Amino acid sequence: MSSGEPSFEELLEEKKRVRNPLVPVGALITAGVLTAGLISFRQGNSQLGQMLMRARVVVQGATVALMVGTAYYYGDNPWKS
């Protein structure tokens, strides 16, 4: 890899998980809502499935906002020279 890109090991450092403890939780909630929505669509309950898909978008957006906000707060930019 070039020197400008972080290595795989650097991206998985323990301190990043400690600083972002809610990001894995948000990812799990997103996956759970997505799974529940797909199950409800499969069972024919399209109204509930549509509501869960909208909830998934909200939760996913909150997770991404949390990631960006935390990176901004800590000043992380692995591509900065």
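Looking at the structure I just gave you, is T30 of a type in the set (S, T, N, Q), at pLDDT 90 or above and more than 14 Å from the chain's Cα centre (by Cα)? So T30 fails the test.
Among the residues making up the stretch 57-69, a single one is open to solvent by 60 Å² or more (accessible area, probe 1.4 Å) and in contact with a Ser or Thr (Cβ under 6 Å, 6 or more places away or on another chain): Q60.
Would you mind stating whether Q43 is open to solvent by 90 Å² or more (accessible area, probe 1.4 Å) and modelled with pLDDT of 90 or more?
Working: open to solvent by 90 Å² or more (accessible area, probe 1.4 Å): yes; modelled with pLDDT of 90 or more: yes.
It is true that Q43 is open to solvent by 90 Å² or more (accessible area, probe 1.4 Å) and modelled with pLDDT of 90 or more.
The set of residues in the stretch 46-73 that are of a type in the set (S, T, Y) and closer than 16 Å to P21 by Cα comprises T63, T70, Y72, Y73.
The values are calculated or read from the model by the stated rules, or taken from the named source; none is laboratory data. The model shown is predicted, which means the values in this text are computed figures rather than measured ones. As a convention, Cβ positions derive from the backbone with ideal geometry for all residues, glycine included, and neighbour counts pool all protein chains shown. Side chains included, ligands, DNA and RNA excluded: accessible areas come from the protein's heavy atoms. Shrake-Rupley method; radii C 1.70, N 1.55, O 1.52, S 1.80 Å.
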